[in-house]
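The values are calculated or read from the model by the stated rules, or taken from the named source; none is laboratory data. On a predicted model such as this, the values are computed, not experimentally measured, just so you know. Here the Cβ positions follow ideal geometry from the backbone for every residue, glycine too, while neighbour counts run over all protein chains shown. To get the accessible areas, we keep the full protein, side chains included, count just its heavy atoms, and leave off ligands, DNA and RNA. Shrake-Rupley method; radii C 1.70, N 1.55, O 1.52, S 1.80 Å.
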Amino acid sequence: MSVSQTHRTIDTIWRMESPKLIAGLIRIVRDVGLAEDIAQDALVIALDRWPNAGIPDKPGAWLMTTAKRRAIDLLRRNKLRDQKYVEIAREIDLYTEDDVDRALDGEIEDDLLRLIFMTCHPVLSQDARVALTLRLLCGLTTDEIARSFLLAESTIAQRIVRAKRTLNTEKVPFEVPAGKELEERLSAVLEVIYLMFNEGYSATSGQDWTRPLLCQEALRLGRVLAAIAPGESEVHGLTALMEIQSSRLKTRVNAQGEPVLLMEQNRAKWDQLLIRRGLAALEQAQRKGRTLGPYALQASIAACHAVARTPADTDWIRIAALYEALLRKTPSPIVELNRAVAIGMAFGPAYGLQLVDALQAEPLLQGYHLLPSVRGDLLEKLGRLEEACTEFERAAAMTRNEKEQQLLLKRAAACKGEGGRT
């Protein structure tokens, strides 16, 4: 394996393991910023050693061992060494490379949930919670987060730094709260898990179209929350959404790792167990709530696809109606764009294009690659291939995901080949 290939592999491993690594370190050092710095130190060591020594069989355990050793060395040098060291000595053991089960499961998984509740503490603003979550739990860079929110990188960087400082200054506990405090923080936690799942389902950047392990972790946390707060409709709604969407993960890419769009997926390969679990969770959400919340509405939309045996069987009129209900619950230009897609499928591309064109001047969608992507799709269906080609090329220039970029450029080339511009 070449050095560049090794570095790409290490980057993939880092994206998979960094949330667990940082969560485990926070439990030791009780400082988000410091935990992230120590985790980065472990990454630097890996980048230095692995190209020559080879990637260990259990890279997650290796990173955890290296990081925890550095954390304890740091505490030993700290003026409060004795107090801190005695405190952590009662709680933890060093992880070894041969102890991978303990390194990747058990208390580390619990640490992720603690980290989510910590980053969702009300001392942080919603914007700060979202930015910190994408940074710590999804492994996105500051630049990637900035592009997602169409903001300056410096703005996001300052937001993250302030959030870390606030958590440290306010001494926010690293724990899962109970009772009323749990209820008060639940909606923020659901939002965080939702963001985490979405990043796994459609990766913002990089060489992979999806990040299945991130989806699996978000789904696991959703199931844990459903057990902790069984009376909350939206907990079941989000879990239902993730169960149903996860059923399609294996069919979202082909053998070469290239994206496969929803209408082209092999539905016989959708995971029926996950679909049944999702439909059951959706039923729970419907029983617990008087009206469906945003997550349950999205789960209902996903369910329409899940129960359709073929693309032609999809109830697009119901999906459009559900998007209309979602739009009333959570007004958003992105929801409007999704509704336009559903309208186009239900009543014809001309109707969908009319709605999309009305969104062209929406400030929040400037730089959002799915706007020209959707517009290109509708134009292609209308036979306006030259315009569709332009839109696909524009969308390709906006996205940071390599697989998505290749798909969009392929669609643009197809439009040229079918009588579009030369």
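Evaluated at 20 °C with a viscosity of 1.002 mPa s, what Stokes-Einstein diffusion coefficient in µm²/s does the stretch 317-422 have when Rh comes from the Kirkwood expression over alpha-carbon pairs?
Details: Rh = 14.0 Å.
After rounding, the answer is 153 µm²/s.
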* Could you tell me how many degrees, from 0 to 90 and to the nearest 10, lie between the Cα long axis of helix 333-347 and the main elongation axis, the longest principal axis, of the Cα atoms of the chain? => 40
* **For the stretch 283-422: accessible area per residue (Å², 1.4 Å)** => 51
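Over 31 Å between C-alpha atoms is what I'm after, so list which of LYS269/LYS381; LYS180/LYS250; LYS164/LYS288 land there. Mind dumping the intermediate values first?
Working: LYS269/LYS381 27 Å; LYS180/LYS250 39 Å; LYS164/LYS288 36 Å.
Check vs 31 Å cut-off fails for LYS180/LYS250; LYS164/LYS288.
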* Structure fact -> Nearest 10, in degrees from 0 to 90: the angle of helix 107-119 to the longest Cα principal axis of the chain is 70
* Could you give the accessible area per residue of the stretch 194-252, probe 1.4 Å, as a whole number in Å²? -> 31
* Asked: Given the convex hull over the Cα atoms of the stretch 18-75, what projected area results after averaging over all orientations, in nm²?
  -> 3.6
* Asked: For the Cα atoms of the chain, what angle does the longest principal axis make with the long axis of helix 316-329, in degrees from 0 to 90, nearest 10?
  -> 50
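In nm², what is the average projected area of the convex hull enclosing the Cα atoms of the stretch 240-356? Spell out each step's value before the answer.
On the way: hull surface 30.3 nm².
That works out to 7.6 nm².
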* Using the Cβ atoms and a cut-off under 12 Å, what net charge is assigned to the surroundings of LEU182, where Lys and Arg are +1 and Asp and Glu are -1? -> -3
* Which whole-number value in Å² is the accessible area per residue of the stretch 1-57, probe 1.4 Å? -> 45
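Under a Cβ-Cβ cut-off of 10 Å, what is the net charge of the residues other than LEU238 that fall near it, where Lys and Arg count +1 and Asp and Glu count -1?
Numbers: positive: none; negative: GLU191, GLU232, GLU234, GLU243.
Spelling it out: positives minus negatives among the neighbours equals -4.
Taking the Cβ of PRO333 as the center, what net charge do the other residues with Cβ under 12 Å away carry, scoring Lys and Arg +1 and Asp and Glu -1?
Working: positive: ARG339; negative: GLU336, GLU362.
Here the charged neighbours net out to -1.
Determine, for each peptide in 206-218, 305-317, the mean count of other beta carbons within 10 angstrom over its residues, then list the peptides with the highest first. Spell out each step's value before the answer.
Numbers: 206-218: 19.0, 305-317: 14.4.
Order by mean packing, descending: 206-218, 305-317.
In percent, what relative contact order does the stretch 213-275 have, based on Cα pairs under 8 Å that are 6 or more apart in sequence?
Numbers: 47 pairs, mean separation 18.0, N = 63.
Relative CO of the stretch 213-275 lands at 29 percent.
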* To do: Please report, largest first and rounded to whole Å, the three semi-axes of the ellipsoid equivalent to the stretch 158-278, where each semi-axis is the square root of five times an eigenvalue of the C-alpha gyration tensor.
  => 31, 20, 9
* Structure fact -> Over the chain, cysteine residues that find no other Cys C-beta under 4.7 Å are CYS120, CYS138, CYS215, CYS304
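If you roll a 1.4 Å probe over the stretch 263-392 with all protein chains in place, what percent of the accessible area is carbon or sulfur? Please report the intermediate quantities before stating the final value.
Values: 3540 of 6650 Å².
C and S atoms contribute 53 percent here.
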* In cubic angstrom, how much convex hull volume per residue do the alpha carbon atoms of the stretch 294-363 span? -> 75
* Asked: Mind listing P(r) for the chain? All alpha-carbon pairs, 20 Å bins, whole percents.
  -> 23, 56, 20, 1
